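See below for the structure under consideration.
The values are calculated or read from the model by the stated rules, or taken from the named source; none is laboratory data. Computed from a predicted model, the values in this text were never measured in an experiment. Cβ placement follows ideal geometry from the backbone for every residue including glycine, while neighbour counts extend to all protein chains displayed. Calculation scope for accessible area: heavy atoms of the full protein, side chains included, ligands and nucleic acids excluded. Shrake-Rupley method; radii C 1.70, N 1.55, O 1.52, S 1.80 Å.
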Amino acid sequence: MTAGHAVVDVLTKDLLRVTRRGGGYRPVFAQRADRPLAARVVGTFQGHVDATRGDLDAALLDLEGDAADFKLVRGLAKCCERQASFETRAPVEPASARRAAFVAAEELDGVVAPAERERALERAANSLAVSIEDVDASLFADLEERQVLAAFDAPWDPEGLLAQYNLSLAQTALFDATEVRVRSSDPKALVSAVKRLRLMYEIEQTDGGRTVVVTGPDALFSRSRRYGTRFARLLRTVAKATDWHLAATIDDHGTERELVLTDDDPVRVPDAPPVADVEYDSGVEADFAARFQGLDLDWVLSREPEPLATGHRVMIPDFAFDYAPGGDPDAGPDFRVFFEVMGFWTPEYVEKKLGQLADVEAVEMVVAVDESLGVGEAVAATDAAVVPYSGSVRVKDVVDVLREYETDLVADAAASLPDELAPADDVVTIETIADRHGVSEDALDDVSFPEHERVGRTLVRPAVLDAVAGELAAGMSLADAEAVLDEHGLDDASAALSALGYRVEWTGLSGGTVREK
């Protein structure tokens, strides 16, 4: 079975309808007046389920004769075809039928007359143990025009078909874009889509707000269908916003033209899901994120943090690390380190990125630089911490940089603490005290607790230890001793027993007995 679902929504270039009036470049969108035509196209597909593709094409050709523009009929049909499934239906597998018929024809020294063809089919049928009619019906059943429309499941009504057509038409027009400039009421979704599609971009500050500028491949990368398709896919995200404005530079057979689309145009995303999900290539960034998030660190990784000012432009780093002692973002100081992955693009793109890093506002920045770029020193000159990489970013190299920040943060936190602390609790963990003061546990290493004793990573008043000591005795089972400790809030049985002068004599895997040291 072959399905008509396409990888992307764009039409074929021969179906593109644009006007170049005034030197511009504008799609000729379908209008509400075209709704009856859309209904006829949908009805033609629905009425030809179980018919051959050849019969379907003939019916659509008749529609072209009644329409003002045959390209509109073909474009609507192309959208419908993506929702259609065609299959080969034959009593005998066509390749087997042809092979048997050709062998029979050779044995007859060729087939010229109808009678000779009949005898060849008869021999082929006998060899396959089927009827002559089955062989004849199967010979060329796998040709495209003889395939059968097995199912047509349109997710939209005629008006929805017009919406899908207009979106596809606009996407096709963007296929030859070399630069796209977008303003959107949902900039976060826009930038996320740009990054997901691995498009080269920058963000400019203009009087009208922030504009995302997406550029196409230049001298180093010849413009390809794959990149043009990403431009087209981006429009689906743009059109989902309430307010948006898109201006694209189009390479129209060597002539630059401007295409302008806004939320006032009939470009919207139909209620139906997209024909195909946008492909997601994990890339260097996602690979790093997956490995970093698997670690137990005092840093929380976030994707696409807030924009940073770089002169008249802004940049959105790939990631940010927030210091979170004990995994709690509210526990420590408000400290953020931005992280940018600088992969291999064009020399012009690298130059722009270096300019951004040089002009970025005063923030802590770590940049992973592809060694093949040869710009590590230039990046370091911007005061960013540089982590070179080849192929993938080593998590350890980034963690080493974060540890340097962490050391300073711990030292600052420790310096802000008094020399002594006197918690009101009878029993309290070091972790709890660290959380209360917004510091890491390491920052408490040099702080004294005159009213408590340290038992492992727990602070315990001497009176509590005396009470526990009075209830423990050598020869108790470990289970009974742990019950006593639990009653007094001591979770670390090993540290508590050791502090009270006991050890555990293990009796296999089933348990142990408390003994004096």
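Place +1 on the Cβ of every Lys and Arg and -1 on the Cβ of every Asp and Glu in the chain, take the dipole about the Cα centre, and give the residue among V191, W506, A467 whose Cα lies farthest towards its positive end. Going by the charge dipole, the pick is V191. Remark: spin-label model distance Q46-F140 equals 3.3 nm, labels positioned 7 Å along the Cα→Cβ axis.
Scalar couplings 3J(HN,Hα) for segment 85-98, obtained by applying the Karplus form with A = 6.51, B = -1.76, C = 1.60 to θ = phi - 60°, are 10, 10, 9, 8, 10, 7, x, 10, 4, x, 4, 5, 5, 5 Hz; x denotes Gly and Pro. Extension gain, D186 to R336, is 51.6 nm, computed as 0.36 nm per intervening residue step minus the present C-alpha separation. Here, the chain yields an orientationally averaged convex hull projection of 42.1 nm² when only Cα atoms define the hull. The packing ranking of peptides 290-301, 79-90, highest mean first, is 79-90, 290-301, where packing means the average number of other beta carbon atoms within 10 angstrom of each residue. Computed extension gain for R303 through E451, at 0.36 nm per residue and net of the alpha carbon distance, reaches 48.8 nm. Taking amide H atoms as placed 1.01 Å from N in the peptide plane, the amide H of F338 lies under 5 Å from those of F321, E364, M365, V366, each 5 or more residues away in sequence or on another chain. When the listed pairs K352/K396; K195/K240; K240/K352 are checked against a 26 Å cut-off, the alpha-carbon distance exceeds it for K352/K396; K240/K352. Rounded to whole numbers, the Karplus 3J(HN,Hα) couplings from phi for segment 142-148 are 8, 5, 4, 5, 9, 5, 9 Hz, using 6.51 cos²θ - 1.76 cosθ + 1.60 with θ = phi - 60°, and x at Gly and Pro.
As a length-normalised measure over Cα pairs under 8 Å and 6 or more apart, the relative contact order of segment 365-517 settles at 15 percent. Accessible area per residue for the chain, computed on protein heavy atoms with a 1.4 Å probe, is 50 Å².
Computed over the alpha-carbon atoms, segment 23-125 gives an Rg to Rh ratio of 1.25, Rh here being the Kirkwood radius from the mean inverse distance.
How charged is the neighbourhood of A105? Take every other residue with its Cβ under 12 Å from the Cβ of A105, and add Lys/Arg as +1 and Asp/Glu as -1. Around A105, the surrounding residues sum to -1. For K188, the aspartates and glutamates whose Cα comes closer than 12 Å to its Cα, not counting residues fewer than 8 places off in the same chain, are E304, E306.
Simple spin-label estimate for R268 and H253 gives 3.5 nm between the two label positions (7 Å along the Cα-to-Cβ direction from each Cα).
Protection proxy ranking, highest mean first, for peptides 22-30, 94-102, 68-76: 68-76, 94-102, 22-30, where packing is the per-residue count of other beta-carbon atoms within 10 Å, averaged. Probe radius 1.4 Å, ligands and nucleic acids ignored: give me the carbon and sulfur share of the accessible area of the chain as a rounded percent. The nonpolar share, carbon plus sulfur, comes to 48 percent.
To the nearest ten degrees, helix 478-487 and the longest principal axis of the Cα atoms of the chain are 90 degrees apart.
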